[in-house]
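This report refers to the structure that appears directly beneath it.
The values are calculated or read from the model by the stated rules, or taken from the named source; none is laboratory data. It should be emphasised that the depicted structure is a prediction, and the values quoted were computed from it without experimental measurement. For neighbour counting, all protein chains shown are included, and Cβ atoms are generated from backbone atoms with ideal geometry for every residue, glycine included. The protein model used for the area step is the full one, side chains on, heavy atoms only, and it has no ligands, DNA or RNA in it. Shrake-Rupley method; radii C 1.70, N 1.55, O 1.52, S 1.80 Å.
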Amino acid sequence: MPLADIAAAVGTPVYVYSAATLRDRYRAIDEAFDGYPHALHYALKANSTLAIARLLRALGSSADANSIWEIDVARKAGFEPSHIVFTGVGKSPEELECAVSLPLKAINVESAGELARVEAIAARLGRTARVAIRLNPDIDAQSHPHISTGLKINKFGVPVDEARALLQTLKSRPSLALVAVHVHVGSQITSLDPLRRAAALAAGLSVELRRAGAPLEYVDLGGGLGVSYDGREVPSGREYVSALVGEVRRFGLPIVLEPGRAIAAPAGVLVARVVDVKPRDDTSDFAIIDAGMTELLRPALYNAFHRIEPVSISAAPERRYEIVGPVCESSDVVGRDRLLPRLAPGDLVAIRDAGAYGSAMASNYNRRPLPAEVLVEDGEWRVIRRRQTVDDQLALET
Ligand SMILES: Cc1ncc(COP(=O)(O)O)c(C=O)c1O
């Protein structure tokens, strides 16, 4: 599907996703279980555009929602509450009230205080809240510090000793049903070792609890599998799943996973147009494109690398470029020090592997509209989110 055709029809910047890649990526993880009992809860935070959520639902995916609003989107996409786990470190009282009143698969609780708040709401509503406790295993995910969540110094979860003590109290708390132990040590993890260690810890604690009489239904091992942004090798879906199953199988517990990036990232590109080129230093130019930190925050937020390629094959000699966005921040750099065939205003570039944490993190800074999104499926394409207008933005204001 020529990206130039889509850009001509829809304008730029535009996210373009491949339905076939989304399906392949989902199935690669799902099928790697080879019959071992499991459920994949696609992490909506990676990309919750309705059509993407619906596509994953149609494949049989369940959902991981990180806010009550993601729960709303999940339900609109066809996910039953019983197929949704509710994660997140700062659930507000309103969010908890809503979550307890739905028969969610689990509320993944992050602290003793949150557990008490869930309990109080459940008791008042006369319900039993299904909860999982998120462990903080003090394991280094060896990823970027901004997306590592498993160390003691990170805000997430409950340290193992505290969790043990907390879990003891659950026997005498009839408004709470403990259904799982949960762990998620970070995102863009490219070494299986931390994932394996976290799985072993969560499975071990689950079995300890089961022996003590807790009716645990599964172990939730979170998400986190990385993708190759720069072409270097990363573990495959099969290697990932077999590492986790290897730690859990002897306990016989079903596994819940919450993959986001590994499914969505490689399925999307952000197509942008060069708006200006100007000299930078003796050996390089700035190429200013019409997408920046407002459309794809990852490079500015954590120096993330995305391959950037011209959309049309060009025989022009190569030039070194600092590829920057239009936003008035010096951190608005999309790609540093890139060799590309000589660019001119009007040329299109594709920023690769942008399907996860791309459109989902877009903002209106500088009043820039949220970009359009397109899904390519079976040789055709359709707009799945139209470009926002300034009137859409102003509709909220008086
Ligand atoms: C609790 C939880 N589960 C799942 C995910 C999804 O992670 P990833 O997109 O790396 O698979 C995240 C994201 O960091 C998360 O915080």
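If you model the stretch 93-146 as an ellipsoid using its alpha carbon gyration tensor, with each semi-axis the square root of five times an eigenvalue, the axes come out at 27, 11, 10 Å, biggest first. Stretching the chain fully between D138 and A315 yields a gain of 58.6 nm (0.36 nm per residue, less the alpha carbon separation). Along the axis of the charge dipole computed for the chain (Cβ charges of +1 for Lys and Arg, -1 for Asp and Glu, origin at the Cα centre), the listed residues A291, Y36, L375 are led at the positive end by Y36. Each of L216, S228, G335 was scored by the projection of its Cα onto the charge dipole of the chain, and the greatest displacement toward the positive side belongs to L216; charges sit on the C-beta of Lys, Arg, Asp and Glu. The stretch 6-49 and the stretch 164-188 have Cα centres spaced 30 Å apart. The orientation-averaged projection of the convex hull spanning the C-alpha atoms of the chain amounts to 21.0 square nanometres.
Could you give the DSSP H helices of the chain that reach 30 angstrom or more along their long axis (alpha carbon positions) and whose average Kyte-Doolittle hydropathy is no lower than 1.0?
TM-like helix candidates: nothing returned.
S143 contributes about 30 Å² of solvent-accessible surface, heavy atoms of the protein only, 1.4 Å probe. Cα convex hull, the stretch 211-359: 141 Å³ per residue, rounded to a whole number. Taking the accessible area of the chain, probe 1.4 Å, and keeping the other protein chains in place, the carbon and sulfur fraction comes to 51%. For the residue pairs K45/K91; K76/K152; K76/K171; K45/K171; K45/K105; K45/K278, the C-alpha atoms sit more than 25 angstrom apart in K76/K152; K76/K171; K45/K171; K45/K278. For the stretch 258-393, the dipole from Cβ point charges (+1 on Lys and Arg, -1 on Asp and Glu) about the Cα centre works out to 80 debye, to the nearest 20.
Here the stretch 138-273 has an Rg and Dmax of 16.5, 61 Å, counting Cα atoms alone.
Electrostatic bookkeeping for A9 treats Lys and Arg as +1 and Asp and Glu as -1; over the other residues with beta carbon under 13 Å from its beta carbon, the sum is +1. Considering only D347, D34, D281, the Gaussian network model of the chain with Cα springs below 10 Å gives its largest mean-square fluctuation to D281. Solvent-accessible surface of the chain, taken per residue with a 1.4 Å probe and all protein chains present: 42 Å².
Amide hydrogen proximity for Y357: with H placed 1.01 Å from N in the peptide plane, the residues at 5 or more positions away or on another chain lying under 5 Å are N47. For the chain, a simple Cβ point-charge model (Lys and Arg +1, Asp and Glu -1, everything else neutral) yields a dipole of about 900 debye relative to the Cα centre.
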